[in-house]
Amino acid sequence: MVKKERKNRQIWGLIQRVLITCVALVLLNKFVVTATIYYDNNMFPSIKDGDLVVMEKFDKEVQLSDVVIYNGRLYRVIAKAGQEVDISKEGILTVNGMQPAESTNLLTNKGEKEYPIRVPEGEIFVLNDYREDESDSREFGTIKESDIEGKVFFITRRRGF
């Protein structure tokens, strides 16, 4: 009888530890860090389809060139509040009159946005690294920093090195 009670306490203790661990992992994944396989090519060549991407969710203060997640997609921060973004008729991007280092490709300007635009306070201007894909701020405008779901801090290639 004593052995059975002892065994029941050990099983119950194990169940409690497993449950606590599961809850901790769910909370960690929800609020702190998320790892996911990214299935999109809008950030090609820096992030390829099938890469493992780890994102932090608690630090949402972005810097220029950070890769952020917004509406389930990744984007590169090109301009922050107060900066002026211009895309010429020839498709050349400038921020405050200077061409960003990562922006060597010409961009098309099919959107109906009038340029130059000044990024409002608390918002950012984002672009895809694959600049031919215009589903970024050229299409939907600036985004609120508070709407950012997280920042990428680690990428590893799963295939196609």
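The values are calculated or read from the model by the stated rules, or taken from the named source; none is laboratory data. Note that the coordinates shown come from a computational prediction; the quantities given were computed from them, not determined experimentally. Counting neighbours? That spans all protein chains shown, and the Cβs are built from the backbone with ideal geometry, glycine included. Ligands, DNA and RNA are stripped out before the accessible areas are found, and what is left, the full protein with its side chains, is counted by its heavy atoms. Shrake-Rupley method; radii C 1.70, N 1.55, O 1.52, S 1.80 Å.
Under the simplified labelling scheme, the V2-E114 pair shows an inter-label distance of 8.8 nm, with each label point 7 Å from Cα along Cα→Cβ.
Which residues make up the longest stretch of the chain that has no trypsin sites (Lys or Arg not before Pro) in a DSSP loop with at most 10 other Cβ atoms within 10 Å? The segment 1-88 is the longest one with no such site. Charged neighbours of N42, selected by a Cβ distance under 14 Å, balance to -4 (K, R count +1; D, E count -1). The GluC sites (Glu not before Pro) found in the range 1-108 that occupy coil by DSSP, while having at most 16 further C-beta atoms within 10 Å, are E61, E90, E102.
The loop-placed chymotrypsin sites (Phe, Trp or Tyr not before Pro) in the range 1-90, going by DSSP, that have at most 14 neighbouring Cβ atoms within 10 Å of their Cβ come out as Y39, F58. The calculated FRET efficiency for the pair S46 and W12, based on their C-beta separation and a Förster distance of 45 Å, comes to about 0.35. The angle between the Cα long axis of helix 2-31 and the longest principal axis of the Cα atoms of the chain comes to about 10 degrees, rounded to the nearest 10.
Per residue, the chain exposes 63 Å² of accessible surface when a 1.4 Å probe is rolled over the protein heavy atoms with every protein chain present. Residues considered: T142, T36, T21. Largest GNM mean-square fluctuation over the chain, using C-alpha springs under 10 Å, is found at T21.
Nearest 0.05, what FRET efficiency do K144 and S65 give at R0 = 25 Å with Cβ-Cβ as r? With a Förster radius of 25 Å, E is 0.85.
In summary, the lysines within cross-link reach of K144, defined as a Cα separation below 22 angstrom excluding same-chain residues under 8 places away, comprise K30, K57, K60, K80, K113. Pick from M55, M98, M43: which is most flexible by mean-square fluctuation in a GNM of the chain where alpha carbon atoms under 10 Å apart are linked? Largest GNM mean-square fluctuation: M98.
Subtracting the Cα-Cα distance of A101 and F154 from their residue separation scaled by 0.36 nm leaves 17.0 nm.
For Q83, the residues 5 or more places off, or on other chains, whose built amide H falls under 5 Å of its own are V119. Return the calculated 222 nm mean residue ellipticity for the chain, to the nearest 500 deg cm²/dmol, obtained by summing -39500 (n - 2.57) across DSSP H runs with n ≥ 4 and dividing by the residue count. For the chain, the value works out to -7000 deg cm²/dmol. Summary of the geometry: the range 130-155 and the range 63-98, compared by the centres of their Cα atoms, lie 9 Å apart.
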